[in-house]
Amino acid sequence: MFLKSNLIMENKGKIQHTSNQAKVEEEVDLGQLFVLIGRGFSKLFNFIGDIFKTIFHWVILFLLFIKNHFIKLVIGALVGAVLGGIYHFGFKVPTYESSMTVQPNFGSAVQLYKNIDYYQTLLKQKDFERLAKSLKISNEEAESITFIEAEPYSNENQSILSFKNFIKDLDTTTIKLVDFETYTEEQPIESFEYHIVTVSSEDKYIFNKLETPIIASIIQNVFYDKVKTTAYNNLISRKDALENSMIELDSLRILYKEVMLAESRKESSGTSIIMADSGEKNKEVVVFDKYMDMNQQLIDVNKKITEQNEVINVVSSFNSIGMKIGGWYRNSIIRGFLGSFLLIVLFLSFKEINQLLIKYETKSN
């Protein structure tokens, strides 16, 4: 018994010793972990501090460079501004700009962009004769055009409406695969409702002459003309069907009213009157709701008939007189000032680098 009790005491002591040792090791591990985390934060802060020190060092070097060459830089920049002013007021031909907003139908936006790219390609190639023939203008007027482009008109509301129209015919599984941000990033050009055609020219009176040929080049496409005719006929048929259905619904609604009046005049029990009145009333409400729904459909159809009466609608035309292109970033004086300043900075920088290389070469030899 004595030996047994000694063994039990020894085992308890060993267990307690093992437990204490495990606690000590756990405390040591936690301490090492906190030390590692502290070192990691310290290195991160030191790295960030070194970045700021490097940036500050280069800023000081640049300011010292400006200070040492201030007079040269000012003189060079002023000379550039003067030369830019001479060019701006004496030689530069003013450029004018105007834009036209269009609403393509039946997927004709594809043809619109294809035609505009064709015109811009002719401008880059300086093929003014072919451009004049395409736009029905003289060669001199074609040479005055400097730039032409088309871009979709987009804002958040337009994107939301386009996304709504895109997902309305999709099933639930497919909708989950497409989110709004992905759609707006990869939205095809033809899905936009409105598009803006912008033209720049040295002739401020040319813009009115461009609208008709640009639109005609799309309308004359045989495919779009067939699609327009088919869509228009379908809309007219839909309109006739809605109007006839609304006439029948209106007649049915009047009939229910007459039945209700006739039932109310009968000498019957109060309970039967209430039941008949309630039943007829519900039918009249259903017919009225159906009538209003069809009326809204008819409004939508009339709107589409107006919008899709042409292959492409001109929402806003070119201005009769173009607006002069301006802005400080297009001012030749400012461009000359900044350009000369940067050229002097580069020249002096290369000169100082060259001197450093010569000194290094001499020291090495």
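Points to keep in mind about this one:
- Summing +1 for each Lys or Arg and -1 for each Asp or Glu among the other residues whose beta-carbon sits under 13 angstrom from that of ALA132 gives -1.
- Going from the fewest other Cβ atoms within 10 Å to the most, the residues MET294, MET100 appear in the order MET294, MET100.
- For region 297-302, 3J(HN,Hα) per residue [Karplus equation, 6.51 cos²θ - 1.76 cosθ + 1.60, θ = phi - 60°, Hz, x = Gly/Pro]: 4, 5, 4, 5, 5, 4
- Simple spin-label estimate for LYS226 and THR146 gives 4.4 nm between the two label positions (7 Å along the Cα-to-Cβ direction from each Cα).
- The spacing between region 39-111 and region 285-317, judged by their C-alpha centroids, is 51 Å.
- As a rough footprinting exposure proxy, the listed residues MET260, MET292 were ranked by other beta carbons within 10 Å of their own, and the order from fewest upward is MET292, MET260.
- Each residue of region 49-63 was assigned a 3J(HN,Hα) from its phi angle through the Karplus expression (A = 6.51, B = -1.76, C = 1.60, θ = phi - 60°), giving x, 5, 4, 5, 5, 5, 4, 4, 4, 5, 5, 5, 4, 5, 5 Hz with x at Gly and Pro.
- Nonlocal amide H pairs with VAL315, under 5 Å, H built at 1.01 Å: THR101, VAL102, GLN103
- Long-range amide H partners of THR95 with built H, under 5 Å: ILE325
- Residues in region 191-205 carry Karplus couplings, in order, of 7, 6, 7, 10, 9, 10, 9, 10, 10, 10, 8, 7, 9, 6, 9 Hz; the curve used is 6.51 cos²θ - 1.76 cosθ + 1.60 with θ = phi - 60°, and Gly or Pro positions show x.
- Between ARG130 and PHE347, the FRET efficiency estimated from the beta carbon spacing at R0 = 30 angstrom works out to 0.10.
- Amide proton proximity set for PHE147, modelled H, under 5 Å, gap of 5+: SER200
- Additional length obtainable on full extension of the chain from ALA241 to LYS72, 0.36 nm per residue less Cα span: 52.6 nm
- Fewest-first ranking of VAL314, VAL93, using other Cβ atoms within 10 Å as the exposure measure: VAL93, VAL314
Bear in mind that the values in this text are calculations on the coordinates, not laboratory data. What you see is a predicted model, and the numbers here were worked out from it, not measured in a lab. Because the Cβ atoms are built from the backbone with ideal geometry, glycine has one as well, and the counts that use them run over all protein chains shown.
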